[in-house]
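Structure first, then comments.
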Amino acid sequence: MAIIEEAPDRPGPGAGAGSVAPHGSPGAAGTDAAPRDSTGRHLNSPLLLTMLLVLAVAAQGPLRRVLAAPVTQSWMTVFVAVVVQALPFLVLGVLLSAVIAVYVPPSFFARALPKRPALAVPAAGMAGVVLPGCECASVPVAGALVRRGVTPAAALAFLLSAPAINPIVLTATAVAFPGNPEMVLARFVASLLVACAMGWLWQRLGRGEWMRPPERPSHEGLGKGAAFWGSVRHDVMHAGGFLVVGAMAAATLKAVVPASWLNAAAGNPLIAILALAVLAVLLSICSEADAFVAASLTQFSLTSRLAFLVVGPMIDLKLFAMQTATFGRAFALRFAPATFALAILVSALIGTVLL
């Protein structure tokens, strides 16, 4: 049995230069045709998978030695622990986010918020307490609020607060830091302050030409059920993937990076805060799972880990891309750096006072 199969050299009976193969037949052009290379051959995926499995079995000796190494076992222990602890909160957050995005009409927020922008900003920030959702869902919801007439300052306050202070995230933080309940209060206060401050800052200094009118979301026009499961699939693929990447990074820091390096960074309070803030931007972990990654970084102080928890849900690589796609590049290039700097300053202040 071979992995590469030869295509017939001669056409079948009845085929000619001017003949057209019927739709759906192997010779039809389009998506029904099997993918082939220029020589008329194609790869047989099941056989390729079989060969990979055979290769893995043949190399099981070296694989066993690698897996038995203390460094590998330590890496796997941390990775599995972070994923197992965070997964229930991630699933619950994704389901609740989809319910809110699909079944709660955006007009509800416009009616519920005060008319005065200065009062609408803290009201929208506090709305994040009762409306769970990850940062992936907060961006399109904020876009829908702006599209339906909510003042941009209030929509941006909700965008920053919802993924950071909702009940799922705060509960996950309490579970991740069982010996430090003050971390929950510090995360709530710091995140809410940053969200409101950025809303008021945009109200005073923001310009209309910096924010592009958001486009209509792709789920509009679909049935409720289809839109719900579409939102769930989107959030699971994004949030689950970033959870795995974050868990791998945390495990690598614990098992591979020399302890002296981490201790040197953690020993300087300013460097520790900046290092974990940058790490939060790069890892782009879902807010329902980031507390467990932060809890595993035991070399660092609670204040520096607070910066990780405050910065991550507000600005990271995926959020920057989503904000650019929703509100435009001119907005993201101004909003993201300001949010990052303010989140670090507020985290350092609140950590000094409460932690």
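The values are calculated or read from the model by the stated rules, or taken from the named source; none is laboratory data. Every value quoted in this text rests on a predicted model; they were computed, and no experiment measured them. Cβ placement follows ideal geometry from the backbone for every residue including glycine, while neighbour counts extend to all protein chains displayed.
For the stretch 308-317, state whether one or more residues are touching a residue at least 12 places away in the same chain (Cβ under 8 Å) and in contact with a Lys or Arg (Cβ under 9 Å, 6 or more places away or on another chain). Yes: one or more hits.
Of everything in the stretch 276-298, what is small (G, A, S) and in a loop (DSSP other than H, G, I, E, B)? Give them in sequence order. Those that are small (G, A, S) and in a loop (DSSP other than H, G, I, E, B): S284, S287, A289. Taking every residue in the stretch 146-171 that is small (G, A, S) and pairing it with any residue that is at pLDDT 90 or above and not in a helix (DSSP H, G or I), at least 6 positions away or on another chain, the pairs with Cβ-Cβ distances below 6 Å are A164/P313. Assigned to a helix (DSSP H, G or I), surrounded by fewer than 12 Cβ atoms within 10 Å (Cβ to Cβ), at pLDDT 70 or above and among the aliphatic types (A, V, I, L, M): does that describe V91? Taking the combined requirement at face value, the residue does not satisfy it. Of (1) aliphatic (A, V, I, L, M); (2) over 28 Å from L253 (Cβ atoms); (3) modelled with pLDDT under 75, V54 satisfies all except one. Which? If we test V54 against (1) aliphatic (A, V, I, L, M); (2) over 28 Å from L253 (Cβ atoms); (3) modelled with pLDDT under 75, just (3) comes out false. Scanning the stretch 315-324 turns up no residue that is under 19 Å from C286 (Cα atoms), buried (at least 22 other Cβ atoms within 10 Å of the Cβ) and among the hydroxyl-bearing types (S, T, Y). For the stretch 319-349, taking the residues that are under 18 Å from the mean Cα position of the chain (by Cα) and polar (S, T, N, Q), the one that is farthest from H234 (Cα to Cα) is identified as T339.
Looking only at residues of the stretch 108-119 that are at pLDDT 75 or above and aliphatic (A, V, I, L, M), we find that the one that is farthest from M211 (Cα to Cα) is A112. Can you confirm whether the stretch 301-309 contains a residue that is outside any helix (DSSP H, G or I), on the phi < 0 side of the Ramachandran plot and either surrounded by fewer than 20 Cβ atoms within 10 Å (Cβ to Cβ) or among the small types (G, A, S) (or both)? Within the stretch 301-309, one or more residues are outside any helix (DSSP H, G or I), on the phi < 0 side of the Ramachandran plot and either surrounded by fewer than 20 Cβ atoms within 10 Å (Cβ to Cβ) or among the small types (G, A, S) (or both).
In the stretch 120-211, counting only helices (runs of 4 or more DSSP H) that sit wholly within it, the ones holding 2 or more residues that are modelled with pLDDT under 90 span 135-147, 152-165, 167-176. Of the residues F340, F327, the single one that is touching a residue at least 24 places away in the same chain (Cβ under 8 Å) and surrounded by 24 or more Cβ atoms within 10 Å (Cβ to Cβ) is F327.
Among the residues making up the stretch 252-275, those that are within 26 Å of Q73 (Cβ to Cβ) and in a helix (DSSP H, G or I) are T252, L253, K254, A255, A259, S260, W261, L262, N263, A264, A265, A266. Annotation note: of A251, A239, A255, A259, the sole residue that is within 21 Å of E288 (Cα to Cα), at pLDDT below 75 and of a type in the set (A, V, I, L, M, F, W, C) is A239. K318 meets the conditions (1) modelled with pLDDT of 90 or more; (2) in a helix (DSSP H, G or I) in every case but one. The failed one is (1). Residue count for the stretch 324-355 satisfying the condition of being over 29 Å from A174 (Cβ atoms) and of a type outside the set (A, V, I, L, M, F, W, C): 6. Checking the structure you have, find out if any residue of the stretch 247-257 is on the phi < 0 side of the Ramachandran plot, out of contact with any Lys or Arg (no Cβ under 7 Å at 6 or more places or on another chain), free of Cβ contacts under 8 Å to residues at least 40 places away in the same chain and among the hydrophobic types (A, V, I, L, M, F, W, C). Scanning the stretch 247-257 turns up at least one residue that is on the phi < 0 side of the Ramachandran plot, out of contact with any Lys or Arg (no Cβ under 7 Å at 6 or more places or on another chain), free of Cβ contacts under 8 Å to residues at least 40 places away in the same chain and among the hydrophobic types (A, V, I, L, M, F, W, C).
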